[in-house]
1. Quick one: which of Ala10, Ala59 is closer than 14 Å to Thr87 by Cα and touching a helix residue (DSSP H, G or I) at 6+ places or on another chain (Cβ under 9 Å)?
2. Identify, please: which residue in the range 68-80 is without any contact (Cβ under 8 Å) to a residue 40 or more places away in the chain and surrounded by 12 or more Cβ atoms within 10 Å (Cβ to Cβ) and is, among those, farthest from Asp5 (Cα to Cα)?
3. Give all pairs with beta carbons closer than 6 Å in which a residue from the range 47-67 that is within 18 Å of Arg13 (Cα to Cα) and among the small types (Gly, Ala, Ser) meets a residue that is assigned to a helix (DSSP H, G or I) and open to solvent by less than 70 Å² (accessible area, probe 1.4 Å); count only pairs at least 6 apart in sequence or on separate chains.
4. In the range 1-23, what count of residues is obtained for those that are open to solvent by 70 Å² or more (accessible area, probe 1.4 Å) and either at pLDDT 95 or above or assigned to a helix (DSSP H, G or I) (or both)?
5. So Phe83 fits all but one of (1) part of a helix (DSSP H, G or I); (2) open to solvent by 40 Å² or more (accessible area, probe 1.4 Å); what number is the exception?
6. I need a count of the residues in the range 24-56 that are closer than 14 Å to Gly79 by Cβ, open to solvent by 30 Å² or more (accessible area, probe 1.4 Å) and of a type in the set (A, V, I, L, M).
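The values are calculated or read from the model by the stated rules, or taken from the named source; none is laboratory data. Not measured: the values here are computed from a predicted model. Cβ: placed from backbone, ideal geometry, glycine included. Neighbour counts: every protein chain shown. Ligands, DNA and RNA are excluded from the accessible area calculation, which covers all protein heavy atoms including side chains. Shrake-Rupley method; radii C 1.70, N 1.55, O 1.52, S 1.80 Å.
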Amino acid sequence: MTELDPVIHAAARLRITATLASLEAGDRITFPRLQELLDMTAGNLSTHLRKLEEAEYVAVEKSHQGRTPVTFVTLTRRGRRAFEDYTDALRAVLGGEE
């Protein structure tokens, strides 16, 4: 039986990963924009991003635009590969393939 990646499989993390995977490789999104797209609280999003960051699936970069702090989130190459593997595994499960 094909195994689904438990880091991605949690519903919130799947939504985060899928959203980030819809961006071009190397593109990034601001934390507030990601929060808005996913309709998640800042605390909930932060918690799930931390798990994805620990797995090296996302990179979180804090910087400044002028004097304003800004946080960018991007899907890493490893994260994109993990998401592709996850979707392949999900197709196999749904299609009954092994």
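1. Ala10
2. In this case the residue turns out to be Thr76.
3. Ala55/Val7
4. 5
5. (2)
6. Within the range 24-56, residues that are closer than 14 Å to Gly79 by Cβ, open to solvent by 30 Å² or more (accessible area, probe 1.4 Å) and of a type in the set (A, V, I, L, M) number 1.
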